[in-house]
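Novice: Please read through the structure below; I'll follow up with questions.
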Amino acid sequence: MPRSKVKNVPLLDAAEEAVLQASIAADPDAPELTDAELAGLRPAREVLPPALYEALTRRGRPASPNKRVQVTLRIDPEALAAFKATGPGWQTRINEALVRDAARLRREAKEG
């Protein structure tokens, strides 16, 4: 997910903060919790089924059964532009082309 480009968000002055707090207090759909309600809260880990808690708290991409290796290489600008012109997923298409060519090279090595 791209990071926000907003760098310096100005703080609210006292009058703006007072208006915001009054709006929050007046919202009947979101009342503030009482001290008793806050004291009765329990961690999600304690109240959710383990599988649900795990699914909700898992971070990042799922592990792939195909482990890929990150490399840095130099590619002719024309070749790169041709793949990028195909739109999203161009890196995957480069990988597929390399896998096909690697299979061909292995076949040729066995034959020759």
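A short reminder: the numbers here are calculations on the coordinates, not readings from a lab. The shown structure was predicted, so the numbers you read here are calculated from the model rather than taken from an experiment.
Novice: Among P50, P65, P28, which one shows the biggest mean-square fluctuation in a GNM of the chain, springs joining Cα atoms closer than 10 Å?
Specialist: Ranking P50, P65, P28 by mean-square fluctuation puts P28 first.
Novice: Which one of G87, G60, G40 has the biggest mean-square fluctuation once the chain is modelled by GNM with Cα springs under 10 Å?
Specialist: G87
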